[in-house]
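Worksheet: the structure to be examined is printed underneath.
The values are calculated or read from the model by the stated rules, or taken from the named source; none is laboratory data. Not measured: the values here are computed from a predicted model. All Cβ positions, glycine included, derive from the backbone under ideal geometry; neighbour counts span all protein chains shown. Surface accessibility is based on the protein's heavy atoms, side chains included, excluding ligands, DNA and RNA. Shrake-Rupley method; radii C 1.70, N 1.55, O 1.52, S 1.80 Å.
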Amino acid sequence: KTIFLDEAAWMDTPKSNFLSALEFFWNSWASNRKDVLLIICASATSWIVNKVFKNRGGLHNRVTVRIALAPFTLRECEQFSREKGLKLSRYQILSLYMVMGGVALYWTMLDKHLSAVQNIDELFFNRQAKLKGEFNDLYDSLFKHPDAYKDIIVTLGKHLSGLTRKELLKYTGQADNGVFSDRLTE
């Protein structure tokens, strides 16, 4: 029996007692069975790290396997493009990869009748663009205080050779403490 909890972070609202109920379910019944597989997913990485991996309660040391989903590599994007029937040159695939990375969902949105530049325009810049505002929407949905995270990402994006922690603190004006360390980890 497979129990699949997708977007578990959204179930864990302040008054839901979700985590304590999950701990009780797992420790009182499911962990004693050999035929139960519990899969917990969350797009909010910080929730998985803090509430499951670092759990000090009933889920402590209960993680058997961590499945780290990685984005497509450039080669996999090329293979996906060919499989989807996109008539893109390697240069166009590279251009799309530099804009969208290897996020599979974004690659599924490409129109095979358009060039890379036309697809980018359609997905990001047109009035009804599906990914217009994606940067803000993504961070706003993942973090309670997204501006600090966005500031880190924007600052790193302006320094292509990277920054040390000390330099990142200087440029963002954030405090050098455990909260900043957590933000970097998340």
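Annotations
- With DNA, RNA and ligands ignored, accessible area of ASP137 (1.4 Å probe; Å², nearest 10): 90
- Cα long-axis angle, helix 146-157 against the chain (0 to 90 degrees, to the nearest 10): 40
- Cα shape, the range 94-158, gyration tensor, a/c 1.5 rule: prolate
- The chain: calculated mean residue ellipticity at 222 nm from DSSP helix runs of at least 4, using -39500 (n - 2.57): -12500 deg cm²/dmol
- For the chain, the longest principal axis of the Cα atoms and the long axis of helix 74-84 meet at an angle of about 80 degrees.
- Prolate/oblate/rounded label for the chain (Cα gyration tensor, a/c 1.5): oblate
- Seen from ARG82, the other residues with C-beta closer than 14 Å to its C-beta sum to a net charge of +2, counting Lys and Arg as +1 and Asp and Glu as -1.
- Members of LYS87/LYS132; LYS15/LYS51; LYS1/LYS51 lying beyond 19 Å, as alpha-carbon distances in this model show: LYS87/LYS132; LYS1/LYS51
- The packing ranking of peptides 84-90, 62-68, 46-52, highest mean first, is 46-52, 84-90, 62-68, where packing means the average number of other beta carbon atoms within 10 angstrom of each residue.
- Which of TRP107, TRP26, TRP10 is most accessible, then next, and so on - probe 1.4 Å: TRP10, TRP26, TRP107
- In percent, rounded to a whole number, the relative contact order of the chain is 14, using alpha-carbon pairs under 8 Å and six or more apart.
- Only Lys, Arg (+1) and Asp, Glu (-1) charged, at Cβ; the range 1-128 dipole about Cα centre in debye: 380
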